[in-house]
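**Q** Below: one structure in structure tokens.
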Amino acid sequence: MRVEVQQIPWTAAHEKLLTAFVGESLPDVAQIGNTWLPEFQTLGALEDLGPRVARSSVIAAKSYFPGIWDTNLVEGVLCGVPWYVDTRVLFYRKDLLKAAGVDAPPRTWAEWRDALRRLRARAGPGRWAILLPTDEWAQPVILGLQNGASLLTADGGDAAFRSPAFREAATFYVDLFREGFAPPVANTQISNLYQQFAAGDFAMYITGPWNLGEFRRRLPASLKDSWATAPLPSAAGGVPGVHGVPGVSLAGGSSLVLFRTSKRSEDAWKLIEFLSEPAQQVRFYALAGDLPARRDAWLDPILSGDAEARAFEAQLENVAAAPRIPEWEQIAQKIAEHLEPAIRGVVTVDTALLALDKDVSGLLTKRRWVLARKAAHAR
Amino acid sequence: MRVETRRGTPAEVRAALFFLAPGLFVIVVFFFLPIAASFLLSATDFDLYALADPSNARVTGVSNYRALLSDPVFLTALKNTLVFVLLGSPLTVLVALSAALLVNARLARAKGFFRTTFFAPVVTTLVAVAVVFRYVYHPRFGLLNRGLTLIGLPAVDWLGDPRFSLLAIVLLAIWKNFGFSTILFVAGLQGIPESLYEAARLDGAGRWQQFRRITLPLLAPTMLLVGLTRTIDYFQLFAEPYVMTSGGPLNSTLTMSLLMYKEGFRFWNMGRGAAIAFVLFAVILVATVIQFRVQKGGET
Amino acid sequence: MRRGVKRWAAPLGVNALLVLGAALTMAPLVWMVSASVMPTGEASSFPPGFIPSRITFEHYRDLFQRLSLGRAFGSSLLLASSVTFCSVILNSMAGYAFAKLRFPGRDRLFRVLLLGMVIPVQIAMLPLFLLMRSLGLVNTYLGVILPSAAGIFGIFLVRQFARSIPDELLDAARVDGASEWLIYRRLVLPLLKPVLVTLGVFMFLGTWNDFLWPLVVLTDDTKYTLPVALANLVGEHAQDTELMMAGSVLTVLPVLLLFLAMQRAYIEGITAGGLKE
């Protein structure tokens, strides 16, 4: 079987695939970000893989991290097979934590705040306990999910950022800045993240697997043993201190999908099965550094012997999907935009959430109409 | 425009139809028709849902336009575009005019060489040039900061710092475009009779006075042409920010064209994208009229 | 003494400024060429240098062998040539008709066309894409060529030039019994040659350099033009400065050479077209 591969840089892939859909020139198989699945599902571009998986000897839901598998279910339809995964964990400076009297990475929000307080007390002026870039939406969303917030209403038709659970999480997040644990800066104001981490400008940072390689490559050799990774702490409602049950993080990554227009869907499915074999997943990790979505691939020594990667494995046991609706990417941007003034103390958390709710609700006007229309048709 | 003096013979009219048909067909089908369609599209909420099922599109009248006016992201794009034009156009004209005066100076040597050199950036591929400038602007390894530090100025994170990113794109645009205006100015300068300057010198006019009294007024038509083409062109700024910053940091280089592209082809909010395009058109129209007025005012 | 100083100071000043301006203008392009032949990593070392420590063509080899930019080069060449050919034919026909053939409503029609010059092309883009979709032209070369096959600016340029053709010449040919097509082919086209060269160069450069439309219409990377392929490379190879510079040289060099070869005719055509009326 001959496979033609087309490389598209990540930044343009989304537009190119949508354009290809409109122009009816989609490929047979594609690797797409799992946050894009709802869009392509809405367009009816994706084949329901449920029946194929039921017959498959290679791919079965139980081989995958459940939270990751879940992201591929859009309105109950399996529209992709997870390929590699992305999630965020805590990167921290072991030496700085120890010097501040913190022996282990925090496991609960309470422990976390305590650790941050100690780190802050030891850090000099211009230094901070943690870096949380204000233009990233992932952190407040993760905190919300950890606290059991749903972000949107059940059908994804309206915003629910003023729910008590999200309000509490947002307050916790904003307070991290107001109490001086984190600097109120956006990514663009950080000139060199790695240099600053090495210099001890901040001791904690929440980020994803792409930074494993970067940290190893860019931090000075002398710091090799001074940093580590850990699963995220959990909110008060979580199970504190039990090994293997961290707080929830975001389920990200990319999936393999089969487009409905494919004329060679049998062959295309074989390709997906081949790429999903544990051995291929391990090879792909070795080549590109992307973490495998299958649990059994993690048994390979290349991963099981890697302490920093292991934190991701632990984290992947507890990840949750962001709302699976086509508008999510636009909504996510709004979250960061609206919380920023609250972080700077220009508005209160409640005012910010009110504005966020209003804005997002506006974005979802069309979706509500479409949902209502669908419901009317069903009746 | 010439007044028609004589009616064409039937054969001539038939021939005209034959000669015009293919060209006009292309222009009508691939330009005017889509524009009309775009106008209709801007009055609907055509989006991803409508793409999946056309019956999901609704006629929404002016609500796309109304929504734009209260959208902070759109207002940012509008502001950035205006700042870019207001900064870029006059600076480009200034640089172009200076270069033209130098090239056209009686004392200048190798005029052809300099004219060609100044024009070279105009023909270069914008995407390639934007790629090159990404490195020229690099905070640490870039040529520009190297130059700045050599003359004792502080290094700047040109594309990463929202205070400088738009300026960085203005500088690129000047570099890329001034040569075109320069050759128009040179042609305009060459059209000014030398005898006028001689007469002025006899009257004891200095260089500056010659420039004010003769060069500038006689260059006015060229000035209008250059100003108009620059303004219209700069309002449509797209590829530079697309390649260099994709509109960031913090939307500081987000232009109306780029926003239209994002709304249209990234989120498939086509109705909204079309509305942005028409607001852009309206802005360009207003700017064109203003330039004509200013020019007229200057003449009387 | 003072006069002596003045005699050499003024020319020196003017020419020094010209040299400075030319240096500033050329610096990015020179650096681009220089960095494209530097060994990997040298262009992003500190302090940044202008001169390669040794010259290597590995990045060009990479572009052709591994990243198949040769294919993109072919696409660009094909598209630019096709558009140039079509637009020279169609625009010269229409421009000539507007200038020299008499028919009712001619000037009004021309004025409507001119109005279109102020409309940004972006407006037409979204519906044009939907139109291309319904014509089945998305992801085809034809989808890029057709919209540029005739243009208002081209017609305008030709018309301005064609107006200088004496009516008597055409009428004499008509009296001799030549058909309108023959007059156009044998008499008008040769007379229009200077402006058609300008138009041709203009269209070739414009199509070669165009980015937005090919980006949207060509979805398949085997059809990408050079600018689209280059922008594509930025996503994956942004850190490989030398490679990116080699790609930029490959994209820019052909049009720069074309311009140098045709510059006299091209520049004259532009100034003439721009300044009339």
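Laboratory data are not the source of any read-out in this text; all were calculated from the coordinates shown. Keep in mind the model is a prediction, meaning the values are calculated, not measured. Backbone-built Cβ (ideal geometry, glycine too); neighbour counts: all protein chains shown.
**Q** What FRET efficiency comes out for the pair C:Ser81/A:Arg373, r = Cβ-Cβ distance, R0 = 51 Å, nearest 0.05? Don't skip to the end; give the middle numbers.
**A** On the way: r = 50 Å, r/R0 = 0.98.
Here the calculated transfer efficiency is 0.55.
**Q** Run the quick spin-label model on A:Ala199 and A:Asp95: label points 7 Å from Cα toward the beta carbon, then report their separation in nm to one decimal.
**A** About 1.6 nm, to one decimal.
**Q** Right, something else. If we count other beta carbons within 10 Å of each Cβ, what is the order of A:Trp227, A:Trp83, fewest first? Please report the intermediate quantities before stating the final value.
**A** Working: A:Trp227 20, A:Trp83 24.
Placing the least packed residue first, the sequence is A:Trp227, A:Trp83.
**Q** Taking only complete DSSP H runs, can you tell me which helices of chain B stretch 24 Å or more along their own long axis by Cα positions and average at least 1.0 on the Kyte-Doolittle scale?
**A** Details: long enough: B:10-27 (25 Å, 1.57); B:72-104 (47 Å, 1.75); B:165-190 (38 Å, 1.68); B:270-299 (44 Å, 1.19).
Answer set is B:10-27, B:72-104, B:165-190, B:270-299.
**Q** Please give the contour-minus-distance gain from C:Met117 to C:Thr40: 0.36 nm per residue of separation, less the Cα-Cα distance, rounded to one decimal in nm. Write down the numbers at each step before the final one.
**A** On the way: separation 77, 0.36 × 77 = 27.72 nm, distance 4.57 nm.
Full extension of this stretch gives 23.1 nm more.
**Q** Counting other beta carbons within 10 Å of each residue's own, what order do B:Ile214, A:Ile331 fall into, fewest first?
**A** Numbers: B:Ile214 17, A:Ile331 23.
With the sparsest Cβ surroundings first, the list reads B:Ile214, A:Ile331.
**Q** Now, a different point. For chain A, what log10 I(q)/I(0) values come out of the Debye formula at q = 0.08, 0.14 1/Å, with one point per alpha carbon and no solvent?
**A** Here the Debye-derived log intensity ratios amount to -0.44, -1.30.
**Q** Can you list the lysines whose alpha carbon is less than 18 Å from that of B:Lys262, not counting same-chain residues fewer than 8 positions off?
**A** Output for B:Lys262: A:Lys16, A:Lys334, B:Lys79.
**Q** Then there's this: How many nm is it between the label spots at C:Leu142 and A:Lys62, if each spot is 7 Å from the Cα in line with the beta carbon?
**A** In this crude label model, C:Leu142 to A:Lys62 measures out at 5.5 nm.
**Q** Just counting partner chain Cβ atoms within 10 Å, what average do the residues of peptide C:240-248 show around their Cβ? Provide the component values of the computation, followed by the final result.
**A** Values: counts 0, 6, 1, 0, 5, 4, 0, 3, 9.
What the average comes to for C:240-248 is 3.
**Q** Would you mind computing, in nm to one decimal, how far apart the modelled labels at C:Ser68 and C:Val33 are, each placed 7 Å from Cα along Cα→Cβ?
**A** Going by the 7 Å Cα→Cβ label model, 3.1 nm.
**Q** If you don't mind, another one. With a Förster radius of 56 Å, plug the Cβ-Cβ distance of A:Asp350 and C:Ser53 into 1/(1 + (r/R0)^6) and report the FRET value to the nearest 0.05.
**A** Numbers: r = 61 Å, r/R0 = 1.09.
After rounding to 0.05, the efficiency reads 0.35.
**Q** What area, in nm² and to one decimal, does the C-alpha convex hull of chain C cast on average over all directions?
**A** Numbers: hull surface 90.8 nm².
One quarter of the hull surface, i.e. the mean projection, equals 22.7 nm².
**Q** Then there is this: Given N residues in the protein assembly as shown, what is its alpha carbon radius of gyration divided by 2.2 N^0.38 Å?
**A** Working: Rg = 31.3 Å, N = 956, 2.2 N^0.38 = 29.9 Å.
Dividing the Cα Rg of the protein assembly as shown by 2.2 N^0.38 Å gives 1.05.
**Q** Applying 1/(1 + (r/R0)^6) with R0 = 60 Å to the Cβ-Cβ distance of A:Phe274 and C:Arg163, what FRET efficiency is obtained, to the nearest 0.05? Walk me through the numbers before you get to the answer.
**A** On the way: r = 68 Å, r/R0 = 1.13.
So the FRET efficiency works out to roughly 0.35.
**Q** Regarding chain B, what are the three Cα extents along the principal axes, ordered largest first, in Å?
**A** Extents along the principal axes: 77, 71, 35 Å.
**Q** To the nearest 20 debye, what is the magnitude of the charge dipole of chain C about its Cα centre, counting +1 on the Cβ of each Lys and Arg and -1 on the Cβ of each Asp and Glu?
**A** It works out to roughly 1060 debye.
**Q** What's the angle, to the nearest 10 degrees (0 to 90), between helix C:241-275's Cα axis and the longest principal axis of chain C?
**A** In chain C, helix C:241-275 runs at an angle near 30 degrees to the longest axis.
**Q** Tell me the angle of helix A:349-363 to the major Cα principal axis of chain A, expressed in degrees between 0 and 90 and rounded to the nearest ten.
**A** The angle comes out near 10 degrees.
**Q** Which of A:Glu168, C:Glu268 has the fewest other C-beta atoms within 10 Å, and how do the rest follow up to the most?
**A** Working: A:Glu168 19, C:Glu268 16.
By the 10 Å Cβ count, ascending, the order reads C:Glu268, A:Glu168.
**Q** Which aspartates and glutamates does A:Lys270 reach when only Cα atoms under 15 Å apart count, and residues fewer than 8 places away in its own chain are ignored?
**A** Within reach: A:Glu4, A:Asp28, A:Glu47.
**Q** Sort A:92-105, A:290-303, C:142-155 for me by packing, meaning the mean count of neighbouring Cβ atoms within 10 Å per residue, highest on top.
**A** Numbers: A:92-105: 17.2, A:290-303: 19.3, C:142-155: 23.2.
Output ranking for A:92-105, A:290-303, C:142-155: C:142-155, A:290-303, A:92-105.
**Q** Can you tell me the 0 to 90 degree angle between the C-alpha axis of helix C:2-36 and the longest principal axis of chain C, rounded to 10?
**A** Roughly 80 degrees between the two axes.
**Q** While we're here: Where a Cα-Cα gap under 20 Å defines reach, which lysines qualify for A:Lys94, not counting those fewer than 8 residues away within the same chain?
**A** Excluding near neighbours in sequence, the set is A:Lys224.
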